[in-house]
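*Asks:* Handing you this structure, nothing more for now.
The values are calculated or read from the model by the stated rules, or taken from the named source; none is laboratory data. The model shown is predicted, which means the values in this text are computed figures rather than measured ones. Neighbour counts are summed over all protein chains in view; Cβ atoms, including those assigned to glycine, are modelled from backbone coordinates with ideal geometry.
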Amino acid sequence: MNKYETTFILDPGYDENRTQEEVDKASQWIRDMGGEVVDVQRWGKRRLSYEINRKRDGVYTLMVYQGPGAIPKELERRLRLNESVMRVLTVEHVPPELTQPQVDPEAAALAEDGGDD
C-alpha cells in the first residue's frame, strides 16, 4: 500500500464545526475506499499566495493516508466537487529519511583530506 498526502484549502467563512465536518467527511471517504488515515494536521486559517474566488485567506488541512492507488484520484475528484473546497493537491508521501542528501563515504573522506593525492 502506498502512502499519500492530500492538502486542501477550505472556505475561510466556515465556523469550526463546519470545517471539522468537512475533514471528517474526507477521512470517511478514504476509509470507505479501503484506505487508512495515518495523520490529520489542521494548519488553520492562513493567507493565500493569490486570491481564489475573491478570497485572500483559506483554512488549510493536510491528510496523510495509505491505501490502494485509486484512492488519491477519487478523493481529489470528490473534494473538487465540494463547493467548500477552494484547492486540493495530492502527492505521494516521501519519508523524511529519503529526502536527506546521501553522502558518498569516499567523497566525504576526500573532502576532509583536501583532495590532494
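*Asks:* Only residues in segment 8-25 that are more than 9 Å from Ser84 (Cα to Cα) and touching a residue at least 24 places away in the same chain (Cβ under 8 Å) count as the first member; pair them with residues that are part of a helix (DSSP H, G or I) and not aromatic (Phe, Trp, Tyr), Cβ under 8 angstrom, at least 6 apart or cross-chain, and list the lot.
*Replies:* Phe8/Ala26; Phe8/Leu79
*Asks:* Determine whether segment 44-65 contains at least one residue that is within 18 Å of Leu89 (Cβ to Cβ), touching a residue at least 60 places away in the same chain (Cβ under 8 Å) and of a type in the set (A, V, I, L, M, F, W, C).
*Replies:* Scanning segment 44-65 turns up at least one residue that is within 18 Å of Leu89 (Cβ to Cβ), touching a residue at least 60 places away in the same chain (Cβ under 8 Å) and of a type in the set (A, V, I, L, M, F, W, C).
*Asks:* Scan segment 45-58 residue by residue and report those that are surrounded by 13 or more Cβ atoms within 10 Å (Cβ to Cβ) and out of contact with any Asp or Glu (no Cβ under 9 Å at 6 or more places or on another chain).
*Replies:* Ile52, Asp57 - these are the residues of segment 45-58 that are surrounded by 13 or more Cβ atoms within 10 Å (Cβ to Cβ) and out of contact with any Asp or Glu (no Cβ under 9 Å at 6 or more places or on another chain).
*Asks:* Go through (1) of a type in the set (A, V, I, L, M); (2) under 30 Å from Leu48 (Cβ atoms); (3) assigned to a helix (DSSP H, G or I); (4) modelled with pLDDT under 90 and name the single condition Val94 misses.
*Replies:* Result: Val94 fails condition (3) only.
*Asks:* Another one. Go through segment 26-79 and give me each residue that's within 17 Å of Tyr14 (Cα to Cα) and among the aliphatic types (A, V, I, L, M). Steps first, answer last, please.
*Replies:* Restricting attention to segment 26-79, the residues satisfying the condition of being within 17 Å of Tyr14 (Cα to Cα) are 26, 42-48, 52-61, 79.
Once the filter is applied, which keeps residues that are within 17 Å of Tyr14 (Cα to Cα) and among the aliphatic types (A, V, I, L, M), segment 26-79 yields Ala26, Leu48, Ile52, Val59, Leu79.
*Asks:* Under the condition of being of a type in the set (S, T, N, Q), assigned to a helix (DSSP H, G or I) and under 21 Å from Lys55 (Cβ atoms), which residue from segment 1-43 is farthest from the chain's Cα centre (by Cα)? Don't jump to the end; show me each part of the working.
*Replies:* Pass one, segment 1-43, residues of a type in the set (S, T, N, Q): 2, 6-7, 17, 19-20, 27-28, 41.
From what is left, the residues that are assigned to a helix (DSSP H, G or I) are 17, 19-20, 27-28.
Retained after the next criterion (residues that are under 21 Å from Lys55 (Cβ atoms)): 17, 19-20.
On the way: Asn17: 21, Thr19: 17, Gln20: 17 Å.
Once the filter is applied, the top-ranked residue is Asn17.
*Asks:* Taking Trp29 and the conditions (1) surrounded by 14 or more Cβ atoms within 10 Å (Cβ to Cβ); (2) closer than 23 Å to Gln66 by Cα; (3) touching a strand residue (DSSP E or B) at 6+ places or on another chain (Cβ under 9 Å), which numbered condition does it fall short on, given that it satisfies the others?
*Replies:* (3)
*Asks:* Of everything in segment 59-73, what is surrounded by fewer than 20 Cβ atoms within 10 Å (Cβ to Cβ) and either of a type in the set (Ser, Thr, Tyr) or in a loop (DSSP other than H, G, I, E, B) (or both)? Give them in sequence order.
*Replies:* Tyr60, Pro68, Gly69, Ala70
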